[in-house]
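Shown next, in structure tokens, is the structure this report addresses.
The values are calculated or read from the model by the stated rules, or taken from the named source; none is laboratory data. None of the values given here were measured: they were computed from a predicted structure. Cβ: placed from backbone, ideal geometry, glycine included. Neighbour counts: every protein chain shown. Ligands, DNA and RNA are excluded from the accessible area calculation, which covers all protein heavy atoms including side chains. Shrake-Rupley method; radii C 1.70, N 1.55, O 1.52, S 1.80 Å.
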Amino acid sequence: MNSKNVYILGIESSCDDTSASILCNGKVLSNIIASQKIHELYGGVVPELASRAHQQNIVPVIDQAIKQAGIDKSTISAIAFTKGPGLMGSLLVGTSFAKSLALALDIPLIDVDHMQAHILAHFIDEEGQEKPNFPFLAMTISGGHTQIVIVKDYFDMEIIGETIDDAVGEAFDKSAKILGLPYPGGPLIDKHAQSGNPKAFPFTKPRVDGLNFSFSGLKTAVLYFVQKQVKENPDFITENLDDVCASIQYTIINILIDKLKKASKETGIKTIAIGGGVSANSGIRKALKEGEYKYGWKTFIPKFEYTTDNAAMIAMVGQLKYEIKEFTDMSVIAQARTKF
Ligand code: KG4
Ligand code: ZN
């Protein structure tokens, strides 16, 4: 075996996905994700159930990641884990496990910021996948976050805009819930939107200063709109589902693209990379591609499995920190909120 090979075990447990991944020199050998179905019953993530499920999943998930990578645990060079942000109970499971395994194997421990990892997922070594050049703008859009960040270097990032209330994924999921769709409703809104008219029901966009976002007003607007329509026609939702979904999606995409345009104009940066579960949305993908010829953007969207919560992105940050020997020690603790 080449002694220069660096094998990083990444562990992610910040929300409702338990994930473990092995990267060798930035290349993914395995990326196992156990998603927790239990939350579907409750229409959202229940923190107590999430941490319990992480406890059940963590050993088999890590075991499978090591096996699928075809390595022995004695080969692992370092362990990278999500320190935060996220749900405290969930973070504690990954953090404690990472600490004990690093201690048992006597290898370095690397703490990772989950939001930085979503951004640095763009540097996972994938055949034929180009990587963004610095500086670039990163927009992370998920069920928990909505952020625009200037990325000057791997670990030199500045948040220039974020949500002041709901995250964009919540706007999708809560609107879907109002329409009677199961959790998480984002992908279903996307599916129905594809056969609907995006201009059928105009929803007003919120006015938020600067590069910040707000999505709670949209959720309320959808609620009042649907309640009013259903009062007049009890079959309104079934008869208009595609058009309502298309209109909601159109409004959300417009909000995101407007802020990206503003951020690009203010910073003069035209390289734009997105990440987080909502970047799977067909509307945002189309709008970004349009931005390439409309505004001269160069856009980057990672492979789907590296956009939603996953441990490969955690291991990627681990690899980058390993190269600069940025290790942590056993005094490290999980943090529900972090700032980078
Ligand atoms: O990154 P992620 O898997 O988990 C975190 O929230 O961190 O993102 C999940 C979010 C959910 O809100 C889900 O509804 C949304 O991403 N989502 C979508 C689509 N696929 C996933 N939203 C809109 N369109 C999609 N195709
Ligand atoms: Zn995430």
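Odds and ends about this structure:
- Hits in segment 154-186 (condition: near ligand 1 (Cβ under 9 Å from one of its atoms) and touching a helix residue (DSSP H, G or I) at 6+ places or on another chain (Cβ under 7 Å)): Val168, Gly169, Ala171, Phe172, Asp173, Ala176, Tyr183, Pro184, Gly185, Gly186
- Restricting segment 60-78 to residues that are of a type in the set (A, V, I, L, M, F, W, C) and in contact with a helix residue (DSSP H, G or I) (Cβ under 8 Å, 6 or more places away or on another chain), the residue that is farthest from Asp106 (Cα to Cα): Ala65
- Test result for Gln64, more than 30 Å from Lys298 (Cα to Cα) and open to solvent by 70 Å² or more (accessible area, probe 1.4 Å): yes
- Residue in segment 197-205 that is in the same structural domain as Ile253 (by TED's automatic domain parsing), charged (D, E, K, R), closer than 21 Å to Leu260 by Cα and surrounded by fewer than 21 Cβ atoms within 10 Å (Cβ to Cβ) present: yes
- Among the candidates Leu41, Leu91, Leu23, Leu9, residue that is open to solvent by 20 Å² or more (accessible area, probe 1.4 Å) and not in a loop (DSSP other than H, G, I, E, B): Leu41
- Neighbours by Cβ (under 7 Å, 6+ apart or cross-chain): first from segment 3-27, within 16 Å of ligand 1 (Cβ to nearest atom); second among the aromatic types (Phe, Trp, Tyr) and open to solvent by less than 20 Å² (accessible area, probe 1.4 Å): Ile11/Phe81
- Output for segment 79-92, where each listed residue is more than 16 Å from Ala104 (Cα to Cα) and under 18 Å from the mean Cα position of the chain (by Cα): Thr82, Lys83, Gly84, Pro85, Gly86, Leu87, Met88, Ser90, Leu91
- Taken over segment 263-283, residues that are closer than 24 Å to Lys152 by Cβ and within 16 Å of ligand 1 (Cβ to nearest atom) amount to 5.
- Candidate set from segment 230-251 (those that are of a type in the set (Val, Ile, Thr) and in contact with a helix residue (DSSP H, G or I) (Cβ under 6 Å, 6 or more places away or on another chain)); member that is most open to solvent (accessible area, probe 1.4 Å): Val230
- Only one of the numbered conditions (1) among the hydrophobic types (A, V, I, L, M, F, W, C); (2) closer than 28 Å to Tyr306 by Cα; (3) out of contact with any Ser or Thr (no Cβ under 6 Å at 6 or more places or on another chain) is violated by Phe236, and that is (2).
- Residues of segment 296-333 satisfying the condition of being surrounded by fewer than 20 Cβ atoms within 10 Å (Cβ to Cβ), among the β-branched types (Val, Ile, Thr) and in a loop (DSSP other than H, G, I, E, B): Ile301, Ile324, Val332, Ile333
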